[in-house]
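Notes follow once the structure below has been shown.
The values are calculated or read from the model by the stated rules, or taken from the named source; none is laboratory data. The model shown is predicted, which means the values in this text are computed figures rather than measured ones. Please note that ligands, DNA and RNA were not included when accessible areas were found on the heavy atoms of the full protein model with its side chains. Shrake-Rupley method; radii C 1.70, N 1.55, O 1.52, S 1.80 Å.
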Amino acid sequence: MEAFKVTPDLNCSRVSLFSKSISKPTSKLMVSRPISCSSCYDRIPKLGVRLTQSFDAKSSTRDCKNGEFVELKENWFKFVGRGIIGFAAAISVCCDSPVSAESLTFAFPISHTPEVNKVQRTLVEAWGLIRETFVDPTFNHQDWDLKLQQTMVEMFPLRSEDAAYNKVKGMLASLGDPFTRIISPKEYQSFRIGTDGNLQGVGLFINVEPRTGHLVVTSCVENGPAARAGIHEGDELIEINGERLEGIASETAAQMLRGRAGTTVRVKVHPGIDSGNSIFREVKLPREVIHISPVSSAIIPHKTPKGRLSKTGYLKLSAFSQTAAMDLENRIHEMENQGVQSYILDLRNNPGGLVKAGLDVAQIWLDGNETLVNTVDRDGNLLPISMVGGHAITHSPLVVLVNEGSASASEILASALHDNGRAILVGHKTFGKGKIQSVTELHDGSALFITVAKYLSPALHDIDQVGITPDIQCSTHMFNVPKESLNNKGASSALDADSCIMIAEHQLEIQEASAS
């Protein structure tokens, strides 16, 4: 497909927005280059090293502010890398703390295969990051430094990049945390598309049809270049820029469709079976910046027991991208102008995304200095993250829908609204992911996800592997409302068939009656 779903989880929130800050680490590792991150704690260092002959003694971490990087200058301690010695290399790490100093030196064989050597450099960078920030300082009760040496020795005889990356993944798996992982440069680009909420392309979602193996259009971005050209769901994609697509994977085709805004791409399509048309047609599509909103909405009109017309705003949030809070806030303002008096926020099957986005959404609904979430660092310190003088944009009654597919940032948001008495939860018990990851781009374009903290709800409930039990259970009838049915005239009837929404509406009526 040209655009991708957000991968579950994520990232840390920027703590400086709130009243508490992360304590400084007791040791720091010098890095040879700035490390970029999608979203990170102000004071949790994003550290990494490269296996080179010399290292620069000046570096910086980057923090995220409104989606942009800002430089934070730090007085880093020295990191010295020794060059290649015969078939071996050594790295020397000096860690300083107010109490004591620690010096570590590792030696390992360096591969003559360029692809494997490149991955070895990536491994050293990943090792340094994990050593300084992983939530479990025992590294799953193993010698993490020795693990680096062992993995390097195992990588030495390898001859392919894929085999070397498998060794890195095996090393990370030994930490016993499925959320600490590394992804390839290509996978990271897809992840960035999901979290940024924007891509440059033609607004087509494509996938391989299992029966035929053909590339089929699954949907078009509303008012995007493909939609304006008359391409529809179910159309078969035959060629891109004259190249036949037989046997081409959907990811490869998606890469061909993407490109710099202002350029064009030629596609040949065949109408879907249901169209009754068998004529091939070729279309020249302009590439544009495509905004993919994670928010779908509808207004549900209904009559109260007293015969008064009431409007409920239905908001489905599919992922926590950088634009999620802004998109949701805009929809709420539109609904307020249309006389909406209550809201249903649907987080079902929302796997998470950027934790900061989840906290930003919570502030749309909450006032004052409420605690949004409690984090627990690697030393066991409890660190509340709270609002400062928050002002909700609406105080109308709210019900939040959750299910077993609601995870991570969805659970943080649901518990923040529930524990602060702002919303009733309806649905099924949530997934149960109570860990927060940082994501760092490494020097080769790959990305490392590290679990840097655990979290508890505002009421100090542990969510990890437990989940959140809603106030009211509902059946699974019509559990998934198709996104295509929203934002159009048929939305109301589609939502009426969802039993969970029916229960939510009933709860809102009770709240409205109580308030009046």
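Points to keep in mind about this one:
- Of Lys169/Lys454; Lys169/Lys316; Lys186/Lys454, those spanning more than 26 Å from alpha-carbon to alpha-carbon: Lys169/Lys316; Lys186/Lys454
- Rounded if a/c under 1.5, otherwise prolate or oblate - the stretch 371-423, Cα gyration tensor axes: oblate
- The stretch 129-241: C-alpha gyration tensor shape, a/c 1.5 cut-off, then a/b vs b/c: prolate
- Among the protein heavy atoms of the stretch 323-438, carbon and sulfur supply 48% of the accessible surface, probe 1.4 Å, non-protein parts ignored.
- Out-of-range pairs (alpha-carbon distance over 30 Å; input Lys147/Lys433; Lys167/Lys268; Lys311/Lys435): Lys167/Lys268; Lys311/Lys435
- Rounded percent of accessible protein surface that carbon and sulfur make up, the stretch 103-183, 1.4 Å probe: 54 percent
- Whole-angstrom gap from the stretch 140-198 to the stretch 205-265, using each part's C-alpha centre: 32 Å
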